[in-house]
Amino acid sequence: WGILFSHPRDFTPVCTTELGRAAKLAPEFSKRNVKMIALSIDSVQDHLSWCKDINAYNGEQAAEELPFPIIADKNRELA
């Protein structure tokens, strides 16, 4: 199974909350062999900064990594 999170833009409050919660639940999804991935229209550099924000929201260290990747779709070719 897989979960695709599709987001209109990085740093939006609802998207940050959603990906933050997904990051917290990632071990449970992993136990069930569910792969997670996100898509956003911003650049990889923006995603790295956003990951720090998401981790800080969760009370974690502001790291550039989440337990799942975020696809950069800057040209909106995938979306």
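The values are calculated or read from the model by the stated rules, or taken from the named source; none is laboratory data. On a predicted model such as this, the values are computed, not experimentally measured, just so you know. Heads up, the Cβs are rebuilt from the backbone with ideal geometry, glycines too, and the neighbour counts pull from every protein chain shown. Just so you know, the surface numbers come from the protein's heavy atoms only, side chains and all, with ligands and any DNA or RNA stripped out. Shrake-Rupley method; radii C 1.70, N 1.55, O 1.52, S 1.80 Å.
Please go through segment 24-39 and give me each residue that is assigned to a helix (DSSP H, G or I) and open to solvent by less than 20 Å² (accessible area, probe 1.4 Å), ordered by number. Write out each step before concluding.
Pass one, segment 24-39, residues assigned to a helix (DSSP H, G or I): 24-31.
Hit for segment 24-39 is ALA26, nothing else.
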Requested in this report: For residues that are in a helix (DSSP H, G or I) and of a type in the set (Val, Ile, Thr), tally how many sit in segment 1-23.
Outcome: 3
Requested in this report: Identify all residues within segment 40-79 that are hydrophobic (A, V, I, L, M, F, W, C), closer than 18 Å to PHE5 by Cα and open to solvent by less than 60 Å² (accessible area, probe 1.4 Å); write none if there are none.
Outcome: ILE41, LEU48, TRP50, CYS51, ILE54, LEU66, PHE68, ILE70, ILE71, ALA72
Report task. Test each condition in (1) at pLDDT 95 or above; (2) assigned to a helix (DSSP H, G or I) for ASP53 and report the one that comes out false. Result -> (1)
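Would you pick out the residues in segment 9-23 that are touching a residue at least 24 places away in the same chain (Cβ under 8 Å) and surrounded by 15 or more Cβ atoms within 10 Å (Cβ to Cβ)?
Going through segment 9-23, the residues touching a residue at least 24 places away in the same chain (Cβ under 8 Å) turn out to be 9-11, 15-17, 19-20, 22-23.
Answer for segment 9-23, where residues must be touching a residue at least 24 places away in the same chain (Cβ under 8 Å) and surrounded by 15 or more Cβ atoms within 10 Å (Cβ to Cβ): ASP10, CYS15, THR16, LEU19, GLY20, ALA22, ALA23.
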